[in-house]
1. Could you tell me how many of the residues in the stretch 5-61 are open to solvent by 20 Å² or more (accessible area, probe 1.4 Å), of a type outside the set (Asp, Glu), more than 20 Å from Leu120 (Cα to Cα) and within 15 Å of the chain's Cα centre (by Cα)?
2. Failed condition for Gln23, given (1) of a type outside the set (Asp, Glu); (2) part of a helix (DSSP H, G or I); (3) under 18 Å from Ser142 (Cβ atoms); (4) free of Cβ contacts under 8 Å to residues at least 60 places away in the same chain, with all others met?
3. So which helices (runs of 4 or more DSSP H) stay within the stretch 37-143 end to end and still have 2 or more residues that are within 11 Å of Val9 (Cβ to Cβ)?
4. Does any residue in the stretch 129-143 that is under 17 Å from Leu6 (Cβ atoms) come within less than 7 Å, Cβ to Cβ, of a residue that is aromatic (Phe, Trp, Tyr) six or more places away or on a different chain, and which pairs are these?
Amino acid sequence: MEPAILGLVLDSSVLIAAERRKQTPAQIIEDVVKKVGAVPIILSSLTVAEIGHGIYRANTPEIRERRRAFLDELKATIPIHHPITEATAEIIARVGGEQAAKGINLPFIDIIIAAGALELGYAIGTDNTRDFTRIPDLKVISL
């Protein structure tokens, strides 16, 4: 299958749902490849922070340990893309400002994650299509 996208940034919504279903990162990748083809798949460092946040919110040691193991395996399986560059910052400013000027207020973390994808020419793989589809020029794939 010829990929229709250059690459994919996985959003935390997909990963959180997969962790709750007790899927491994390898299983997540397998499912994503079935849907989008063999393309580079990466994480935003902010997605890592979002997943990590859940570790510290866990209400039992067992859940905390399971989430820690999931995040550690995730980081070992899926590369984390480049840091926020000057170009990324300009995209964040433009997208956030233009959308806010239209009365469209988006979660800032989603704008940052989307800006990284836009800079790379990648799509976003998400369960959160509501926010990401309101970002111009961003290809959004519902997973």
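The values are calculated or read from the model by the stated rules, or taken from the named source; none is laboratory data. These numbers were taken from a predicted model, which means no experiment stands behind them. Glycine gets a Cβ as well: all are built from the backbone with ideal geometry, and neighbour counts include every protein chain shown. Ligands, DNA and RNA are excluded from the accessible area calculation, which covers all protein heavy atoms including side chains. Shrake-Rupley method; radii C 1.70, N 1.55, O 1.52, S 1.80 Å.
1. Result for the stretch 5-61: 5.
2. (2)
3. Hits in the stretch 37-143: 45-57, 108-120.
4. Note: pairs meeting the criteria are Leu138/Phe132; Val140/Phe132.
Table: residues versus (1) closer than 26 Å to Glu119 by Cα; (2) of a type in the set (A, V, I, L, M, F, W, C).
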| site | (1), (2) |
| --- | --- |
| Leu6 | yes, yes |
| Leu10 | yes, yes |
| Arg21 | no, no |
| Ile28 | yes, yes |
| Gly37 | yes, no |
| Ala58 | no, yes |
| Pro83 | yes, no |
